[in-house]
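To start, the structure under review is shown below, and the notes come after it.
FYI, it's all coordinate maths here, none of it is from the lab. Just so it is clear, the structure is predicted and the values come from calculations on it, not from any experiment. Virtual Cβ from ideal backbone geometry, glycine too; neighbours counted across all protein chains shown.
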Amino acid sequence: MRLHFFGAADTVTGSRHVVEMAGTRLLLDCGMFQGFKVVRERNWQPPPAEMLAADAVVLSHAHLDHSGWLPRLVKAGFKGPIYASPATRDLAEVLLLDSARLQEEDARRANRYGYSKHEKALPLYTAADAKRTLARIVPLAPGRELAIGRVRVGLTPVGHLLGACAVTLRAGSDTLVYSGDLGRDDDLLMPPPQRVPHADVLLVESTYGNRNHPRDDAMQHLGAVVRDTIGRGGSVLLPSFAVGRAQALLLVLQRLKAAGQIPAKLPIFLDSPMAIEATTLYQRHRRLLRVPAREIATLTDGVTMVAKAEQSMRLAHRHYPAIIIAASGMATGGRVLHHLKAMAPDPRHHVVFPGFQVPGSRGARMIAGEPTVKIHGEHVPVRAQVSHLEVFSGHADADGLMQWLRGFDRAPRQTFVVHGEPDAADALRVRIQDELRWRVRVPPHGGRFDV
């Protein structure tokens, strides 16, 4: 068995793992790099031959750091199928098309206003590229196996996001398991991650490998933020991932209103066409959630859906207290940037980042307290209150990761810790080595291993 790590091996994004076993080559995930510019620039590099020649891609889930580079791979000549759970297929359609539209818009804006460093700014890929990619995705139901050459492929739900699964590859006496992103036992929307009984080779994520989630009550914490902010005449801006996080926020806000902890008539705006579509998908796939169907059906009661760009621009200059949920979650692009430009200079407002922020992202810099933030080529002062609610993260924390690992029937021959910043990945490596006594290592970017 040979493994080649083309992404998420020295950073928390860009998951791309090539596995060769029994004469079959598979690409596990094909994600986009995010965060620091030196890492993002990898998105513009041509795909290596090993990725282009893969017999198929198997997606763990639809988040862009796991699926967002697929259109670039297809554009470069990849010809094989892409397998994913049915819910991941549905969410990927929303995410990839939105990603392509944002890149096209950013390129047009950069060319119009001249703030690109290139003679002509180009999108990484287009909506047409995304549509060609989506036509390649074949649904694979969790719990069933598919043969690709002499390799049997199966998916196991692991919480985290609608449709998210661990991937199991079996060939002869060898079994490889890739965790994808593991969810939490106490997630607001998703059930706990299911255990996988056996792995000879294991790839495990480490996003929170060096820390545990705070034990704050998410509902109480957000309620206090809202009451404090509207009490001084300000609005709360929630830069949110459109898929998963936006739906969890809607659930909490509905519960706060029902409990009388925030005003029942306080306006709530969902300013993201992608989040609007994703909410519909969550309601359609409600049997996969841990929340009662009747509660999922009321997620958008009293919520104003902001679908059109001109509505969003008017909302950005609203002068009355409100709650605005807008993508993207790390403020790397999208409509939330217009709200930040309007709200960040005003100390009455509060910007709350509800979840993990990739180092180097605009959200991470704001949380760190930088006094200005660069948006559309302008330096915008940050006078609004800024806070971070990690309690909303959809990732298993360090203890949660270890709990999932203890569910294996015996030690794998080799464990690889991936999808984490260097300190997080190494901290998890040390815990696995010390507490479980497994053979474990953190692979380098581009690393190749025969197991």
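Separation of the alpha carbons by more than 30 angstrom is noted, of K37/K75; K265/K308; K120/K308; K75/K341; K131/K257; K37/K257, for K75/K341; K131/K257; K37/K257.
Helical content of the chain, expressed as a calculated mean residue ellipticity at 222 nm, amounts to -8500 deg cm²/dmol (DSSP H runs of 4 or more residues, -39,500 (n - 2.57) each, divided by residue number, nearest 500). Rounded to the nearest 10 degrees, the inclination of helix 218-231 to the longest alpha-carbon principal axis of the chain is 20 degrees. Rg and Dmax over the alpha-carbon atoms of region 37-139 stand at 14.2, 43 Å. Matching the structure-derived mean projected area of the Cα convex hull in nm² against the labelled list (1) 22.6; (2) 26.9; (3) 19.8 gives the label (3). For V225, V440, V336, the sequence from fewest to most other C-beta atoms within 10 Å is V225, V440, V336.
A cut-off of 5 Å between modelled amide H atoms, ignoring neighbours fewer than 5 places along the same chain, links L28 with H17, V18, V19, V58.
Find the centroid of the Cα atoms in region 318-368 and in region 391-451, then give the distance between the two in whole Å. What the calculation gives is 32 Å, centre to centre.
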